[in-house]
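Engineer: So that we are looking at the same thing, I have put the structure below in structure tokens.
Each value in this text was obtained by applying a stated rule to the coordinates, not by laboratory testing. Everything quoted here is computed from the prediction, not taken from an experiment. Quick reminder, even Gly has a Cβ in these numbers, built from the backbone with ideal geometry, and neighbours come from all protein chains shown.
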Amino acid sequence: MLLQLNDIFKWVNSGGQRIFLLKDINLEVEEGEFISVMGPSGSGKSTLLNVIGMLDTFDEGEYNFLDESVHSLKEKHRSNLYKQYIGFVFQSYHLLDELTVKENLEMPLIYKKIKGSERKAMVADMLDRFNIVGKKDLFPAQLSGGQQQLVGVARALIANPKLILADEPTGNLNSTQGEEIMELFKQLNDEGVTIIQVTHSEKNAEYGSRIINLLDGRMV
Amino acid sequence: MLLNNLKIAWRSILKNKLFSLINVIGLSIGLCSALVIGAIIYFDFSFDTFHKDKDRIYRVTSLFKSEGDEFPNRGVAVPLMRTFREGIPGVELTAPFMNTSFSKIENKKQDLLFKDGNDAILADDAYFQLFDYEWLAGDKQTALSEPAQVVLSQKKAEKYFPHKNMTDIVGSTLLYNDSINVKVTGVVADFEKNTDLKFNEFMSLSSAKMFNGKDIATNDRWNGTSSGDQLFLRVKDESSVAGIQSRLDALAKEHKNPATWAANDERLFQLQALSDIHFGGEHEDYPFNNSDHVASMKVLKSLAFVALFLLLLGCANFINLNSAQALTRAKEIGIRKTLGSSKKQVVRQFLGETVILTTMATMLSLLMAPFLLRQFADFLPQGIDLSVLYSVKGIIGIVILVVLVSLLSGFYPAFVLSKFRPATVLKGQFTKGDKGVRLRKTLTVFQFVVAQVFVIATLLVAKQLHFVMNSDMGINTETVAYVRTPWRDASKVKKERLFFQIKDIEGLSNVSKGGAPPASNSMSSTMLSYFKDGNETHQPTEILMGDTTYLKTYGIPLLAGRERMNDSIDEYVVNETFARAIGFQDPKEVVGTVVKLDTLQIPIVGLMRDFNQRSLRSDIKPLAIKGHYNGMSFTNIHFDLGKNPEQWTKSIDAVEQALASVYPDEELEVQFMDEMVEGFYRSEKSTVQLLKWATGLAILISCMGLMGLVVYTTERRVKEIGVRKVLGANLAQLNLLLCKEFLILVGIAFAIAVPISWYLIQEWMQEFAYKTSLSWWVFMVSGVGMVVVALAVIGARTYRTANINPVESLRNE
């Protein structure tokens, strides 16, 4: 088992009232799954993804990731954990504007303290695999949305994560570009990477092996 | 990692060109002034630090106390030298020397004649034991042991004996003052490092008599002190200083001036450490008779403060802009964190950027430094330069400065930035209660307080300077000039000839002979005694020397009595202050009374109107004018150039011709009274100059800071402005809305700055006897001026923001 959420609650206090963002979430994810999270705006999809990605905390419940109990880890360990096992893909790509494609890909490796020569090899490998060798010295602003997202996925993959978290990865793309990305995810999943994606689109959700529906922070 | 950080830092600097520019320029201005002022301060602290045993070298100086006034004298009475030579416990070495000068030096062999025999001293071998010169030729132990022996510095030797080997010079003979044959017994290298010991001709002390000097062995004048008579000594160790001082106290008491008028006076002998000499001690007395610069601790301290404040302003800018920018960079940090960056790595990255910016600023400031230094050249000592900045010490200092400034200005922003939570910033939800706001506002207020204080101070100091330079001193300073006859050539005939030549020049009127002008830096003072009702009053009185036309030349009217009968009669004309000082309610009644000078009875025949004898820092002092008697003659010739300035050049040319014809060998100049008065306020003028610069720079930095803040704030409020516009707000309302926030800050700064500057100026004015008023309008003008400047800076930006089409600002991604 890759990760397990038990009775996760997350809330904010607003005007004396407790508003639940996540309510009693129980979820088990096995390695190799491809899960689509669906639900209307404000249903807690992104929050759930952030909690799984350890970018956000929760107020109650237990979260185990590869037999480590995330809820009791210190921030530093937590960051080590997700640095090693999780890759993120965002709706608005979130590439670093002042870095080239190559440098963007290199970034996570630097933070993992991988040696320079090894980094170069890994980046070259990834550029090759995604067919973006010709774009390696361009800055994100010089790429189309689809190409940027391609770089975003490549960057998420470069450190060989076990899990990819994608928050509406095709939200800013047109249908052809979106399809390409989804095909890519499917291919990655076939190679054994676990993927959890948030999506609005039924069609994209179909790529997944399991669909989780959220409404007002609850799994339905 | 490091390289990567640097690369990213460099790119993000380029990306935010405006912010980076403001940062770098603001910081480099602060750094530049810090460097220049640092070099100035270092210069003054580098004097005479190279001597062996420098911590054990002391000088004995005299301090005279009379009627609450203190008069320092860097010399001592000659018999004290003898006492020390005979041995004082705790003193390891006594090295007395006396300033001297020679009218003529001839190298007969090479047929050369030299005239500038200044920078010369009479010294003995002890001098060279105390101060370690490098001997190029001659024997250090005995070079000055006999009369008529001289040691020359290398430069002097090269001048007196051109194209000769140093070793050949030793043994040669020089003819001094037409009649004294002196053997050269040594050549020493000039000190290369900064020193106040700028002597280059060392005549043996035992030849003092030949040069009409005082002989240590026989002189017994315990109550005559000349500033050129120097007593240096080396103590055994630090602990013997107290013992020597108490011996000095005892000697001062033992040899107190026995004259009745001096009954209440006191003379102290004080030990002055070698390291204090350059700073002139408490009274800021010049180090030696031939020194042209004394370092003022007060000035250095204020300089250091100016540097510190300008530097802090630059740092404040930095913190302000970078923490303001933080939010625009939040996304980047969010991404970095999701990619696995730790807090520490973010901090390191932003500190890296700060270091790069600071280094750039330092480079820039090093380029600008020479220009800034030149601005202050007028009141800086000669020989100061920035080479220290490029020495090992200087570079280490600069590196430390860069690190300190980087930490000071980079730490807070880096810390703020690193605290962002990726999940929130990536969603685009910035925390509404932006915590940095209060800090940034505080920093902006701080910047404006400093700038405002500088502005007010500059205006008030300039006002005071204008006031003292333009207030009526009671004498004619505009059209009067004078010439000084050479003191070495005391020939009365020549003086008379010059006098009559000048008197005949067309356009000059009221030509008179006399001593120093009525207002000058030199003064002579004596003790007059006055009997009234059986009581004797001793009145210290300043004495002016002049003939019977002198007062007319300077436009000083007689209020009562008459002018003296002739130039040499023992009669006084006194001023009103003198009359009041010896007890006359109505000064006019002083005419007809008699005062006593030692044993001489001198009648007071006239009363002149009060005038300021010195700068307006000091009050009017009791004063009497006398003619020349006792065979003394007048040294100066004073004249009125008349009301027609076009004639002046012609008249002055004529005077200079007369000077040249009477004294062909001397370089004499016409001295103008208005220049003399200006000279009184040289230090005030340099203060104004310094303040002007500091003010300009402070305003510049603060405005840049303000601009940065405005840019940032307005950008953040673009959406709000769009909404307001859609709801019908017009341009003026929007501008007001945007400016208000900043004007309040400037207003707060003003409120804080007023009392601070009022206090500082009040303190500064203490030393003036005559003060300009601290008018409210000065404060108002500077406040309004600041608001106008701030408004210009703010307005330029807010206008643009208010003009943005709401369709654009409200469109969502």
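Engineer: When the helix-only estimate is applied to chain B (DSSP H runs of n ≥ 4, each -39,500 (n - 2.57), divided by the residue count), what is the mean residue ellipticity at 222 nm, nearest 500 deg cm²/dmol? Show your work: numbers first, answer last.
Structural biologist: Working: 24 runs with 385 residues, N = 813.
Value at 222 nm, helices only, nearest 500: -15500 deg cm²/dmol.
Engineer: Are there chymotrypsin sites (Phe, Trp or Tyr not before Pro) in the range B:463-553 that DSSP marks as loop and that have at most 16 other Cβ atoms within 10 Å, and which are they?
Structural biologist: Values: sites: B:F467, B:Y482, B:W487, B:F499, B:F500, B:Y530, B:F531, B:Y550; in loops: B:W487.
Those satisfying the criteria are B:W487.
Engineer: Given +1 on the Cβ of Lys and Arg, -1 on the Cβ of Asp and Glu, and no further charges, what dipole in debye does the range B:79-237 carry about its Cα centre, rounded to the nearest 20? Can you show the working numbers first?
Structural biologist: On the way: 19 positive and 23 negative charges, 60 e Å.
About 280 debye.
Engineer: With point charges of +1 on the Cβ of Lys and Arg and -1 on the Cβ of Asp and Glu, referenced to the Cα centre of the range B:54-283, which listed residue (B:S172, B:A137, B:S103) lies farthest in the positive direction of the dipole?
Structural biologist: B:S172
Engineer: Given Cβ point charges of +1 (Lys, Arg) and -1 (Asp, Glu) and nothing else, what value in debye, to the nearest 20, does the dipole of the range B:234-307 about its Cα centre take?
Structural biologist: Roughly 120 debye, rounded to the nearest 20.
Engineer: Moving on to the next point. Under 5 Å between amide hydrogens, which residues at least 5 positions from B:M608 or on another chain qualify, with H placed 1.01 Å from N in the peptide plane?
Structural biologist: Here B:L559, B:V574, B:N575, B:E576 satisfy the definition.
Engineer: Here's a follow-up. Please report how far the C-alpha centroid of the range B:376-412 lies from that of the range B:198-227, rounded to the nearest whole angstrom.
Structural biologist: Using only Cα atoms to place each centre, the spacing works out to 44 Å.
Engineer: Distance from a point 7 Å along Cα→Cβ of B:D378 to each backbone N in the range B:673-716: keep the residues under 16 Å and list them by number.
Structural biologist: Inside the label zone: B:675-696.
Engineer: Once phi is turned into ³J(HN,Hα) by the Karplus curve 6.51 cos²θ - 1.76 cosθ + 1.60 with θ = phi - 60°, what whole-Hz value does each residue of the range B:274-286 show in order, with x for glycine and proline?
Structural biologist: Here the 3J(HN,Hα) series is 3, 5, 8, 4, 5, 9, x, x, 4, 9, 6, 7, 4 Hz.
Engineer: May I pose another question? For the charge dipole of the range A:3-211, defined by +1 on Lys and Arg C-beta atoms and -1 on Asp and Glu C-beta atoms about the Cα centroid, which residue among A:L3, A:A141, A:V151 has the Cα displaced farthest towards the positive pole?
Structural biologist: It is A:A141, whose Cα lies furthest towards the positive end.
Engineer: Quick one: divide the alpha-carbon radius of gyration of the range A:3-211 by 2.2 N^0.38 Å and tell me what you get. Display every interim value, and only then the final one.
Structural biologist: Details: Rg = 17.4 Å, N = 209, 2.2 N^0.38 = 16.8 Å.
Taking N as the residue count of the range A:3-211, the ratio is 1.04.
Engineer: Taking Cα centroids, how far is the range B:585-613 from the range B:501-570 in Å?
Structural biologist: 11 Å
Engineer: Go ahead and run the numbers for FRET between B:D111 and B:W135, Cβ-Cβ distance against an R0 of 45 Å, rounding to 0.05.
Structural biologist: 0.95
Engineer: Using 7 Å Cα-to-Cβ label points, what is the B:K15/B:M765 separation (nm, one decimal)?
Structural biologist: Rounded to a tenth, the inter-label distance reads 5.4 nm.
Engineer: Next up: Tell me, what is the FRET efficiency for A:V12 and B:K54 to the nearest 0.05, using R0 = 60 angstrom and their Cβ-Cβ distance as r? Spell out each step's value before the answer.
Structural biologist: Numbers: r = 71 Å, r/R0 = 1.19.
My answer for the efficiency is 0.25.
Engineer: Still on this structure, I have one more. Give me the aspartates and glutamates in straight-line cross-link reach of B:K441: C-alpha distance below 18 Å, same-chain residues under 8 apart excluded.
Structural biologist: The qualifying aspartates and glutamates are B:E715, B:E741.
Engineer: Now for a separate question. 7 Å from Cα along Cα→Cβ at both B:S568 and B:L407: what's the point-to-point distance in nm?
Structural biologist: 7.8 nm
Engineer: B:D533 versus B:D276, label points 7 Å from Cα toward the beta carbon: distance in nm?
Structural biologist: Here the modelled spin labels are 4.4 nm apart.
Engineer: Here is a follow-up. Amide H to amide H under 5 Å from A:E60: which residues, 5+ apart in sequence or cross-chain, H placed 1.01 Å off N in plane?
Structural biologist: Correct list: A:F9.
Engineer: Could you work out the Kirkwood radius for chain B, taking every pair of different alpha carbons, averaging 1/r and inverting it, reported in Å? Before the final figure, lay out the partial values.
Structural biologist: Details: mean 1/r = 0.0311 Å⁻¹.
By the Kirkwood definition, the hydrodynamic radius is 32.1 Å.
Engineer: Counting other Cβ atoms within 10 Å of each Cβ, which trypsin sites (Lys or Arg not before Pro) in the range A:1-85 have at most 15 and sit in a DSSP loop?
Structural biologist: Values: sites: A:K10, A:R18, A:K23, A:K45, A:K74, A:K76, A:R78, A:K83; in loops: A:K74.
Sites meeting the loop and neighbour criteria: A:K74.
Engineer: Still on this model: Quick check: the distance between the Cα centres of the range B:27-55 and the range B:757-813, to the nearest angstrom?
Structural biologist: Taking the Cα centre of the range B:757-813 as reference, the centre of the range B:27-55 is 34 Å away.
Engineer: Evaluate peptide B:330-339: per residue, the Cβ atoms of other protein chains within 10 Å of its Cβ; return the mean as an integer.
Structural biologist: On the way: counts 0, 4, 5, 0, 3, 10, 4, 5, 15, 17.
What the average comes to for B:330-339 is 6.
Engineer: Moving on. If you place +1 on the Cβ of every Lys and Arg and -1 on the Cβ of every Asp and Glu, how big does the dipole about the Cα centre of the range A:31-161 come out, in debye to the nearest 20? The partial results should precede the final answer.
Structural biologist: Working: 15 positive and 17 negative charges, 113 e Å.
Approximately 540 debye in magnitude.
Engineer: Give, in nm to one decimal, the length gained when the segment between B:L3 and B:D237 is fully stretched (0.36 nm per residue of separation minus the Cα-Cα distance).
Structural biologist: Details: separation 234, 0.36 × 234 = 84.24 nm, distance 5.56 nm.
Taking 0.36 nm per residue and subtracting the Cα distance, the gain is 78.7 nm.
Engineer: So for the protein assembly as shown, taking the charge dipole from beta-carbon charges (+1 Lys/Arg, -1 Asp/Glu), which of B:S12, B:L311, B:A250 sits furthest toward the positive end?
Structural biologist: Value: B:S12.
Engineer: Using the Kirkwood radius over C-alpha pairs as Rh, can you work out the diffusion coefficient of the protein assembly as shown via Stokes-Einstein at 10 °C, viscosity 1.306 mPa s, in µm² per second? It would help to have the intermediate numbers written out before the result.
Structural biologist: Values: Rh = 36.5 Å.
This corresponds to a translational diffusion coefficient of 43 µm²/s.
Engineer: Can you spot the lysines whose alpha carbon is less than 23 Å from B:K109's alpha carbon? Ignore those fewer than 8 places along the same chain.
Structural biologist: Partners found: B:K155, B:K156, B:K159, B:K164, B:K183.
Engineer: Next question, about the same structure. If the cut-off is a Cα-Cα distance under 14 Å, which aspartates and glutamates reach B:K685, setting aside same-chain residues fewer than 8 apart in sequence?
Structural biologist: Within the straight-line cut-off, B:K685 pairs with B:D378, B:E675.
Engineer: Net charge near A:T170, counting Lys/Arg +1 and Asp/Glu -1 over other residues with Cβ under 12 Å of its Cβ? Please report the intermediate quantities before stating the final value.
Structural biologist: Working: positive: A:K203; negative: A:D167, A:E168, A:E179, A:E180, A:E183.
Computed value for this residue: -4.
Engineer: Further question: List, in the order given, every pair from A:K45/B:K337; A:K83/B:K7; A:K74/B:K419; A:K102/A:K203; B:K495/B:K650 whose Cα-Cα distance in the structure shown is over 26 Å. Can you show the working numbers first?
Structural biologist: On the way: A:K45/B:K337 21 Å; A:K83/B:K7 23 Å; A:K74/B:K419 16 Å; A:K102/A:K203 32 Å; B:K495/B:K650 22 Å.
Exceeds cut-off: A:K102/A:K203.
Engineer: Enumerate by residue number the GluC sites (Glu not before Pro) in the range B:445-549 meeting two conditions: DSSP loop (anything except H, G, I, E, B), and at most 16 other Cβ atoms within 10 Å of the site's Cβ. Let's see the in-between values first.
Structural biologist: Numbers: sites: B:E478, B:E496, B:E506, B:E536, B:E542; in loops: B:E478, B:E506.
Here the GluC sites (Glu not before Pro) that fit, given the DSSP loop and packing criteria, are B:E478, B:E506.
Engineer: Now for a different question. Could you compute the FRET efficiency for B:F500 and B:E667, with r as their C-beta to C-beta distance and R0 at 30 Å, rounded to 0.05? Each step should come with its number before you reach the end.
Structural biologist: Values: r = 22 Å, r/R0 = 0.74.
Efficiency at R0 = 30 Å is approximately 0.85.
Engineer: Which far-off residues, 5 or more places away or on another chain, put their amide H under 5 Å from the one on B:F102, with H placed in the peptide plane?
Structural biologist: B:G117, B:N118
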